[in-house]
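The values are calculated or read from the model by the stated rules, or taken from the named source; none is laboratory data. Remember, it's a predicted structure, so these values are computed and weren't measured experimentally. All Cβ positions, glycine included, derive from the backbone under ideal geometry; neighbour counts span all protein chains shown. Remember, those area values only see protein heavy atoms, side chains included, never the ligands or the DNA or RNA. Shrake-Rupley method; radii C 1.70, N 1.55, O 1.52, S 1.80 Å.
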Amino acid sequence: ATTLAFVSQDMAGPISRTRSPARSASWNSPRSKREPRTPTLPGWPTSSVLALLEDRTAEGRWALWIGTSTGLYRWSDGAITHWDAAGGLPNPTVHALFLRSGAGARRELWIGTDGGGAALLDPDRPAAPVRALSELGVPRLPNGVVYAIVADRNGRLYLPTNRGVVRLSFPPAAGAAV
């Protein structure tokens with residue numbers, strides 16, 4: 001069984017683990033002498049977590065995107081959705097996640113992988129296919145390992161790879177067609 005826990009700093013001690021918004025328990029806290037119990041969820045990632053991205057669904061509900069060594073997970077409304085190579089990821093190891101507003105109100109979830117380059121997913125339509133950048137006419141990256149995805153104030157994206165940093169620029173009000 002997989003254990004679900006959130007780790008954060010709080011006033012109770014150096015590290016605390018929150019089980020729900022209303023209850024928390026702490027490690028290394030003077031108030032806590034034993035390890036707290038945490039819930040388990042079926043389908044929860046059992047691999048290394050490499051990237052996290054908090055999001056709001058189109059309906060305004062909270063969602064968490066999780067990049068792991070066994071794929072991409074989305075946790076929302078108590079349900080977990082999983083994408084891996086069979087689900088369209090160019091590589092199942094996800095190093096980086098970035099949410100970008102594209103043309104109009106369309107949003108894009110950018111996914112940086114370990115060897116498969118970058119891919120896009122429509123976060124408002126998770127059933128839509130994952131699209132590799134190469135399918136969208138973007139020139140080949142110098143290396144398929146993408147460690148991070150960040151944007152500057154002009155909307156350009158930067159993707160650090162094993163062979164340099166790639167900068168992607170977009171025409172005004174344009175986005176990649178997911």
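Asp152 fails exactly one of the following numbered conditions: (1) farther than 18 Å from Tyr73 by Cα; (2) open to solvent by less than 50 Å² (accessible area, probe 1.4 Å); (3) in contact (Cβ under 8 Å) with a residue 24 or more places away in the chain. What is the number of that condition?
The one condition Asp152 does not meet is (3).
Which of (1) more than 12 Å from the chain's Cα centre (by Cα); (2) surrounded by fewer than 21 Cβ atoms within 10 Å (Cβ to Cβ) does Ala118 not meet, given it meets every other one?
All conditions are met except number (2).
Which numbered condition trips up Ser47, out of (1) more than 15 Å from the chain's Cα centre (by Cα); (2) among the polar types (S, T, N, Q); (3) loosely packed, with under 15 Cβ neighbours inside 10 Å?
Condition not satisfied by Ser47: (1).
What number of residues within region 119-176 satisfy the criterion of being modelled with pLDDT under 80, in contact with a strand residue (DSSP E or B) (Cβ under 8 Å, 6 or more places away or on another chain) and under 24 Å from Asp84 (Cβ atoms)?
Of the residues in that region, 4 qualify.
Can you report the number of residues in region 76-107 which are open to solvent by 40 Å² or more (accessible area, probe 1.4 Å), of a type in the set (Val, Ile, Thr) and in contact (Cβ under 8 Å) with a residue 40 or more places away in the chain?
1
Quick one: which strands (runs of 3 or more DSSP E) lie wholly within region 96-163 and hold at least 2 residues that are more than 30 Å from Glu59 (Cα to Cα)?
In region 96-163, the matching strands (runs of 3 or more DSSP E) lie at 157-161.
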